[in-house]
Amino acid sequence: MKVGYVSPMSIAAVNGGLRTQALMTTKHITSFGVEAKLISPWDDMKAMNLDLVHVFGASIENVGIVDQVKAMGLPLALSPVFFSNRKAAFIKRALKMERLSSAFGSGIRSDFSVKTELCSKADVVIPNTSAEADLIRDGFSIPNDKIQVVPNGVEQKFAEAQPQLFIDTYGLKDFVLFAGQAGAKRKNVIKLLEVASDLDSPVVVIGSFYKDEYGEKCRTLAEEADNVTLIETLDHDSELFASAYAASSVFVLPSQFETPGIAAMEAALAGSKIVITEKGGTKDYFDGYAEFINPDSSKSLLSGIKKALEKESSDTLKNHIFKNYSWQRVAELTANQYKRILA
């Protein structure tokens, strides 16, 4: 089975979860009878003799390629990588109003409308969490039998991470850690920096801030707190990055939402305790194992971190993630969906 893979061009500039999901899926899916072909804008897709196309991201960048895939008569798998803090009923109403206004020739399309169109054209829609699936079904009115949840995965190498390299390099251990796209407002690092001075533990933020108002405010908060260390983005594949996870006591993702937060899964494999947003489907992966926080509440975040710091270390979450969320398992489940729509 020859499958073409499409991702938005933006992943070339943003090394985030979408890029990781696409690369890890295509890397491991070859073990399950799939010949993976990464499609670039320069390729002649018609000459590739594909059996199926898998698109990552229900974004406006992918509208054109999806139309071409359908025009060629190829089956389409779509990983929307979507979440909204809006309720499904709100999304449904917004789409109805947009359809009504379009009758008067407004020509304006919302992000919800684009995502609905792409999900409607797919033969299978593959969300990462049950919360994402619920929004797609109830907000976009996509038939339930077209939606198949396949979880995100994590590289199992993080289970072997050792703390000493980071301790030797920075002189820090047993700290509260954030690692990721620190400059992205959705990641809500500013909330962590606002409560940092109320913590007795060091706080480490690994990630780059943009040179904008938000980034400047975050840097100022970090400078004002005497227990915060800012570290520019580290190579995700480096031993030092993995060592940071292992050297931390608690890993925090205070994001507005996560689906589900690959960095938290990596940190959990390395033995860190997890504090994570309650929004976006994180409970599919971490329920019963992590402290969940309201990302809009500093009080909730501070309480969650303090509870996690007081917990005894345990391998329970590490073993749970290792057993259930390998990229091999994700690839196998994804390949099964290809076979289903090709049957």
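Points to keep in mind about this one:
- The stretch 279-300 residues that are closer than 11 Å to residue 254 by Cβ, paired with ones that are surrounded by fewer than 17 Cβ atoms within 10 Å (Cβ to Cβ) and among the polar types (S, T, N, Q) (beta carbon under 8 Å, 6 or more apart): 279/85; 293/303; 300/294
- Extreme residue, surrounded by the most Cβ atoms within 10 Å (Cβ to Cβ), among residues of the stretch 117-132 that are within 21 Å of residue 258 (Cβ to Cβ) and touching a strand residue (DSSP E or B) at 6+ places or on another chain (Cβ under 6 Å): 125
- Residue count, the stretch 8-25 (criterion: in contact with an Asp or Glu (Cβ under 9 Å, 6 or more places away or on another chain) and not in a helix (DSSP H, G or I)): 1
- Those residues of the stretch 231-249 which are in contact (Cβ under 8 Å) with a residue 12 or more places away in the chain and either within 12 Å of the chain's Cα centre (by Cα) or closer than 30 Å to residue 80 by Cα (or both), in sequence order: 232, 233, 234, 236, 241, 242, 245
- For the stretch 157-189, filtering for residues that are acidic (Asp, Glu) and not in a helix (DSSP H, G or I) leaves 1.
- Failed condition for residue 132, given (1) under 17 Å from residue 326 (Cβ atoms); (2) part of a helix (DSSP H, G or I): (1)
- Scanning the stretch 12-27 for residues being surrounded by fewer than 19 Cβ atoms within 10 Å (Cβ to Cβ) and either of a type in the set (S, T, N, Q) or under 18 Å from residue 185 (Cα atoms) (or both) gives a total of 4.
- Qualifying residue in the stretch 301-309 (condition: surrounded by fewer than 24 Cβ atoms within 10 Å (Cβ to Cβ), closer than 26 Å to residue 231 by Cα, among the polar types (S, T, N, Q) and outside the structural domain of residue 76 (by TED's automatic domain parsing)): yes
- Selection count where residues are over 16 Å from residue 116 (Cβ atoms), among the polar types (S, T, N, Q) and in contact with a Lys or Arg (Cβ under 9 Å, 6 or more places away or on another chain), scope the stretch 38-63: 1
Yes/no matrix, rows are residues, columns are (1) over 29 Å from residue 27 (Cα atoms); (2) not assigned by TED's automatic domain parsing to the domain that holds residue 242:
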residue: 124; (1), (2): no, yes
residue: 127; (1), (2): no, yes
residue: 160; (1), (2): no, no
residue: 170; (1), (2): yes, no
residue: 181; (1), (2): no, no
residue: 188; (1), (2): yes, no
residue: 200; (1), (2): yes, no
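The values are calculated or read from the model by the stated rules, or taken from the named source; none is laboratory data. No experiment lies behind these values; they were computed from the predicted model shown. Neighbour counts run over all protein chains shown; Cβ positions are idealised from the backbone, glycine included.
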